[in-house]
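Take a look at the structure below.
The values are calculated or read from the model by the stated rules, or taken from the named source; none is laboratory data. Everything numeric in this text was worked out from a predicted model, so none of it was measured. Cβ coordinates were reconstructed from backbone atoms using ideal geometry, including for glycine residues, and neighbour counts include every protein chain displayed. Note: accessible area is taken over every heavy atom of the protein model, side chains too, but ligands, DNA and RNA are not part of it. Shrake-Rupley method; radii C 1.70, N 1.55, O 1.52, S 1.80 Å.
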Amino acid sequence: MSERSIRLSRVVAHALRHRPEHYGLELDRDGWVAVEALARALAGRGAEWRDLSGQEIRAMVATAAKQRYEISGDLIRARYGHSLPDRIEGVPAVPPDLLYHGTTPEALPKIRSEGLKPMRRHYVHLSPDPETAALVGERRSAIPVVIEVRAGQAHAEGLTFYRGNDSVWLSDPIPASYLRLPDE
Ligand code: HQG
C-alpha cells in the first residue's frame, strides 16, 4: 500500500467512524454514505485530497490489508470501530468458542474488575486468534497482553456478538467472569 493510500484510509476512518460532521457528511443509520459524496467532502478539506476521486477510494478499499470498509454499489461504510453518537446496530452472529482481546498491561486491573468495555467505541473489539489480538495490543504497548474470551459460553448465556470482518468480532460489554487474564 502506498503512503498516500495509508493516509487516505486514516482520514476515511475519521470521517466514517468518528466525525462525519467535520467533513459536512451525514451517514445513514447503518453508517453508509455515497462514495462520491465522501470523495467530494474530503477533497474540500485540504490540498492533499484536492484531486481525490471515488475511484481512488474504491482502489484503496480493494487493496488495503485490513478490511476496514465495505462498499455496496454507490455506498461505503466502516465495518467496525465507530464512535458516533448513535450506535450502529450490527447483525448478531454466533461466535466461535474462544475469541481474544489484545490490550495493555496497564488496562488489566480495570478489565479484571469490570470486564471488557467498548470505551469510546460502540462495541468491544475481539480477534479470532491470539496472534491477531497481540497485533491489536501492539498498537498501544510494546508488551501487549492477550485475554482469552469464552465467547461461546457468553453467547449461550445471552451476550450478543457481531461480525466486523474476517479478523474482527464485535460484542456488547463482556463481564469479567468470561475472561481468562494472563496471570490466572
Ligand atoms: C481497553 C483497530 C479499561 C481495551 C484494532 C483497549 C481493533 C479497558 C482500549 C480496533 C476496559 C480501547 C479496536 C476497561 C477495555 N477498563 N480499559 N474496563 N475494557 N479496555 O482502540 O480493541 O486499525 O477503542 O483493552 O485493530 O484496542 O483502527 O479498542 O486497549 O480492531 O482498523 O480500552 O481498532 O482497528 O481501545 O481496537 P480501542 P481496541 P483499525
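So how do 67-77, 142-152 stack up, highest first, on mean other-Cβ count within 10 Å? Write down the numbers at each step before the final one.
On the way: 67-77: 16.5, 142-152: 18.1.
Result, highest mean Cβ count within 10 Å first: 142-152, 67-77.
Is the stretch 3-78 best put as rounded, prolate or oblate by its Cα gyration tensor, with a ≥ b ≥ c the root eigenvalues, rounded for a/c under 1.5, and otherwise prolate when a/b is larger than b/c, oblate when not?
Working: a/c = 1.41, a/b = 1.05, b/c = 1.35.
The shape class here is rounded.
For a test of the definition: using alpha carbon positions, the gyration tensor, and the 1.5 limit on a/c, classify the stretch 119-165 as rounded, prolate or oblate. If you can, show how the numbers build up before the last one.
Details: a/c = 2.27, a/b = 1.67, b/c = 1.36.
Here the stretch 119-165 falls in the prolate category.
Distance between the 7 Å Cα→Cβ label points at residue 63 and residue 3: 1.6 nm. A Cβ-based charge dipole, computed about the Cα centre of the stretch 79-184 with Lys and Arg at +1 and Asp and Glu at -1, lands at about 340 debye. Positive end of the dipole of the stretch 3-78 (Cβ unit charges, origin at the Cα centre): among 65, 52, 31, the Cα lying farthest that way belongs to 65.
Give me the percent of accessible area attributable to carbon and sulfur for the stretch 99-180, probe 1.4 angstrom. The C+S portion of the solvent-accessible surface of the stretch 99-180 is 53 percent.
Rounded, prolate or oblate: pick one for the chain, where a ≥ b ≥ c are the square roots of the eigenvalues of its C-alpha gyration tensor, a/c under 1.5 means rounded, and failing that, prolate if a/b is larger than b/c, else oblate. Mind showing how you got there, number by number?
Working: a/c = 2.27, a/b = 1.85, b/c = 1.23.
The shape class here is prolate.
Per residue, the solvent-accessible area of the stretch 99-180 (1.4 Å probe, heavy atoms of protein chains only, all protein chains present) comes to 50 Å².
Of the accessible area of the stretch 20-69, computed with a 1.4 Å probe over protein heavy atoms only, carbon and sulfur atoms account for 46 percent. Its Kirkwood hydrodynamic radius, worked out from the mean inverse distance over all distinct Cα pairs, puts the stretch 99-180 at 12.5 Å.
Once you charge only the Cβ atoms, +1 for Lys and Arg and -1 for Asp and Glu, what is the size of the charge dipole of the chain about its Cα centre, to the nearest 20 debye?
Values: 25 positive and 25 negative charges, 102 e Å.
It works out to roughly 500 debye.
Dipole check for the stretch 2-107: with +1 at the C-beta of Lys and Arg, -1 at the C-beta of Asp and Glu, and the Cα centre as origin, the magnitude is about 280 Debye.
Show me the ranking of peptides 95-101, 122-128, 17-23 by mean Cβ neighbours inside 10 Å, starting with the highest.
Values: 95-101: 19.3, 122-128: 21.4, 17-23: 16.1.
Highest-to-lowest ranking by the protection proxy: 122-128, 95-101, 17-23.
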